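Asks: Let me give you the structure first, and then I'll get to my questions.
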Amino acid sequence: MNQFDLTGKIALVTGASYGIGYAIASGYANAGATIIFNDINQDLVNKGLAAYAADGIKAYGYVADVTNEDQINAMVAQIENEVGVIDIVVNNAGIIKRIPMVEMTAAEFRQVIDIDLNGPFIVSKAVIPGMIKKGAGKIINICSMMSELGRETVSAYAAAKGGLKMLTKNIASEYGEYNIQCNGLGPGYIETPQTAPIRVAGHPFNDFIIAKTPAARWGKTEDLVGPAIFLASPASDFVNGHVLYVDGGILAYIGKQPK
Ligand code: NAP
Ligand code: GCO
């Protein structure tokens with residue numbers, strides 16, 4: 001038996017019109033899963049559907065904001081009617097705001113917490129009943145280096161991703177007895193639109209990340225696909241409450257001595 005085979009599985013990846021979510025969903029499709037994704041407006045969903053189709057992937061796309069419980073509950077019910085009960089969910093949708101804390105408004109802080117932490121709560125709460133009925137489920141929360149580390153200007157994001165690590169452990173604790181595994185996937189610094197502003201060649205932060213990463217490079221979304229398949233597959237049926245960091249060694253490394 002191929003422990004990494006997702007054939008027959010229904011996978012929802014939130015915010016997967018592009019970026020990390022798109023790569024993970026595409027990898028799941030290539031491993032045999034039926035792919036579903038959501039985004040906050042129809043234009044983005046259409047953009048995602050076209051991209052998946054161009055890659056030869058049949059995907060289902062829905063308009064739903066992960067912070068809106070009514071929209072998410074309606075989407076999950078529609079998915080169960082149109083596609084089937086969700087086996088795998090990846091809480092990928094997320095934003096970041098890079099603002100010095102004392103300059104960040106409470107509204108800006110709340111918006112990041114709402115999308116990056118409340119969103120995964122809302123989506124997980126919506127899909128767990130179906131997983132319990134089905135007798136199995138996989139929940140994968142996209143965490144971050146900021147689940148473990150802080151840095152200037154990302155207070156809201158670090159608080160959200162730190163909370164997401166603990167939400168992961170709590171879902172694992174509360175629903176493990178129903179054969180539901182909930183784990184985190186913690187990317188390092190990855191080439192996506194979210195990091196484009198700090199990845200400009202010659203930008204001090206770009207040089208810093210290269211020096212802080214033993215692999216001496218930014219990660220690519222493809223680097224995350226294998227680990228994501230592992231956490232979604234039977235190969236990880238006894239892995240629960242774990243955060244798998246895919247960071248090229250950042251968390252293990254003090255950083256390269258400046259020349
Ligand atoms: P991205 O390129 O900015 O993509 C984020 C996706 O989430 C977009 O499709 C976005 O759609 C969607 N989204 C945002 N708010 C949403 C909402 N309220 N409801 C539904 N969808 C929403 O980001 P990324 O780099 O791929 O990151 C994906 C995840 O990985 C995030 O959770 C991020 O925190 C995490 N992460 C990223 C890195 C990295 O280095 N890139 C590292 C560690 C963790 P819109 O276009 O509509 O905003
Ligand atoms: C930042 C980056 C990071 C990455 C990622 C690292 O400004 O520090 O955006 O937060 O997005 O979360 O794992």
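The values are calculated or read from the model by the stated rules, or taken from the named source; none is laboratory data. Given the structure is predicted, the values throughout are model-derived calculations rather than measurements. Cβ: placed from backbone, ideal geometry, glycine included. Neighbour counts: every protein chain shown. We work out accessible area using only protein heavy atoms, side chains counted, and drop any ligands, DNA or RNA first. Shrake-Rupley method; radii C 1.70, N 1.55, O 1.52, S 1.80 Å.
Asks: Evaluated at 20 °C with a viscosity of 1.002 mPa s, what Stokes-Einstein diffusion coefficient in µm²/s does segment 10-252 have when Rh comes from the Kirkwood expression over alpha-carbon pairs? Show your work: numbers first, answer last.
Replies: On the way: Rh = 18.0 Å.
Roughly 119 µm²/s, to the nearest whole number.
Asks: Another question, if that's okay. For n ≥ 4 DSSP H runs only, could you compute -39500 (n - 2.57) per run for the chain, divide by its residues and tell me the 222 nm figure to the nearest 500?
Replies: Per the formula, -12500 deg cm²/dmol.
Asks: Take the solvent-accessible surface of the protein heavy atoms, probe 1.4 Å, and return the percent of it on segment 10-252 that carbon and sulfur atoms account for.
Replies: 56
Asks: Now for a separate question. Could you please tell me the mean projected area of the C-alpha convex hull for segment 139-259, averaged over all directions and given in square nanometres to one decimal? The partial results should precede the final answer.
Replies: Values: hull surface 31.8 nm².
The orientation-averaged projected area of the Cα hull of segment 139-259 comes to 8.0 nm².
Asks: Apply the a/c threshold of 1.5 to the C-alpha gyration tensor of segment 1-91 and tell me whether it is rounded, prolate or oblate.
Replies: In terms of gyration-tensor shape, oblate.
Asks: Using a Förster distance of 35 angstrom, determine the FRET efficiency expected from the C-beta separation of Asp70 and Gln194, and round it to 0.05.
Replies: Calculated transfer efficiency: 0.85.
Asks: Same structure, new question: With the other protein chains left in place, how much accessible area per residue, in square angstrom, belongs to segment 10-252 at a 1.4 angstrom probe? Provide the component values of the computation, followed by the final result.
Replies: Working: 10180 Å² over 243 residues.
Ligands and nucleic acids excluded, the figure is 42 Å² per residue.
Asks: Determine the sum of side-chain charges near Val246: Lys and Arg each +1, Asp and Glu each -1, restricted to other residues whose C-beta is under 14 angstrom from that of Val246.
Replies: Details: positive: Arg217, Lys220; negative: Glu148, Glu191, Glu222, Asp223, Asp247.
Spelling it out: positives minus negatives among the neighbours equals -3.
Asks: Counting alpha carbon pairs within less than 8 Å and at least 6 residues apart, what relative contact order, in whole percent, applies to segment 10-252?
Replies: It comes to 19 percent, rounded to a whole number.
Asks: Shifting gears a bit: Please report, to two decimal places, log10 I(q)/I(0) for segment 54-162 at q = 0.10, 0.19 Å⁻¹ as given by the Debye formula with identical point scatterers on the Cα atoms and no solvent.
Replies: Rounded to two decimals, the profile gives -0.36, -0.97.
Asks: Here is a further query. Collect residues whose amide H, placed 1.01 Å from N in the peptide plane, falls under 5 Å from the amide H of Leu185; neighbours closer than 5 in sequence don't count.
Replies: Excluding prolines and chain starts, which carry no amide H, the hits are Asn141, Ile142, Cys143, Leu244.
Asks: Measure out, as a whole number of angstrom, how far apart the alpha-carbon centroids of segment 131-165 and segment 189-247 sit.
Replies: Computed from Cα coordinates, the inter-centre distance equals 14 Å.
Asks: Still on this structure: Helix hunt in the chain: which complete DSSP H runs extend at least 20 Å axially by C-alpha with mean Kyte-Doolittle at least -0.5?
Replies: On the way: long enough: 119-134 (23 Å, 0.74); 155-175 (30 Å, -0.07).
Qualifying helices: 119-134, 155-175.
Asks: What does the charge count near Ala211 come to, summing +1 for each Lys or Arg and -1 for each Asp or Glu among other residues with Cβ under 10 Å from its Cβ?
Replies: +2
Asks: Here's another thing I want to ask about it. Can you work out the base-10 log of I(q)/I(0) for segment 202-246 at q = 0.16 1/Å, using the Debye formula on its C-alpha atoms alone?
Replies: -0.58
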